[in-house]
Amino acid sequence: MPNPQHNLESFLDAYRKYVDAKEKKNPQTWLIAIHCRTYLQRLAGYADKEEKTFREIFEPFVSKKKIEEMYKELCDDSKSYSQD
C-alpha cells in the first residue's frame, strides 16, 4: 500500500524544485512542473482531485486566492513546452 506521508514529501520536494526552477527562469521549468503534477496526482489518487489536494496541502499556510494563483501557474507551466 502506498505511503501517503512519503507521497506528500515527494510532492513537496518536487514543488520546491519547480519553484526554484521558475525563479531561475530554467528553460525546463515545464518539465519540472509536469514532474510535480505527477506526484500531486499520485497523492490525490485521481487526476480530477488534483486541485482539491493542492488546496488542502497549502490552506494552512497560504490564502485561498494565492493557492488558486499557485495552482494555475503550475498547470500553465506544465503545458508550456515550446520547441523554439
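The values are calculated or read from the model by the stated rules, or taken from the named source; none is laboratory data. Here the structure is a predicted model, which is why all the values come from computation and not from measurement. Don't worry about glycine lacking a Cβ; one is built from the backbone with ideal geometry, like all the others, and counts go over all protein chains shown.
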Just give me the residues in the stretch 16-25 being in contact with a helix residue (DSSP H, G or I) (Cβ under 7 Å, 6 or more places away or on another chain) and free of Cβ contacts under 8 Å to residues at least 24 places away in the same chain, in sequence order.
K17, A21
If you check Q41 against the conditions, is it of a type outside the set (S, T, Y), modelled with pLDDT under 95 and under 11 Å from the mean Cα position of the chain (by Cα)?
yes
I'd like to know if the stretch 61-80 contains one or more residues that are of a type in the set (V, I, T) and without any contact (Cβ under 8 Å) to a residue 12 or more places away in the chain.
yes
Counting just the residues of the stretch 71-84 that are exposed (fewer than 15 other Cβ atoms within 10 Å of the Cβ) and either not in a helix (DSSP H, G or I) or not charged (D, E, K, R) (or both), which one comes out farthest from the chain's Cα centre (by Cα)?
D84
Residues satisfying the stated conditions in the stretch 44-84, i.e. polar (S, T, N, Q) and over 19 Å from H6 (Cα atoms):
S63, S78, S80, S82, Q83
In the set E68, E59, E23, which member is surrounded by 13 or more Cβ atoms within 10 Å (Cβ to Cβ) and either hydroxyl-bearing (S, T, Y) or at pLDDT 95 or above (or both)?
E68
When E50 is evaluated against the numbered criteria (1) surrounded by 15 or more Cβ atoms within 10 Å (Cβ to Cβ); (2) out of contact with any Leu (no Cβ under 9 Å at 6 or more places or on another chain), which criterion, by number, is the only one it fails?
(2)
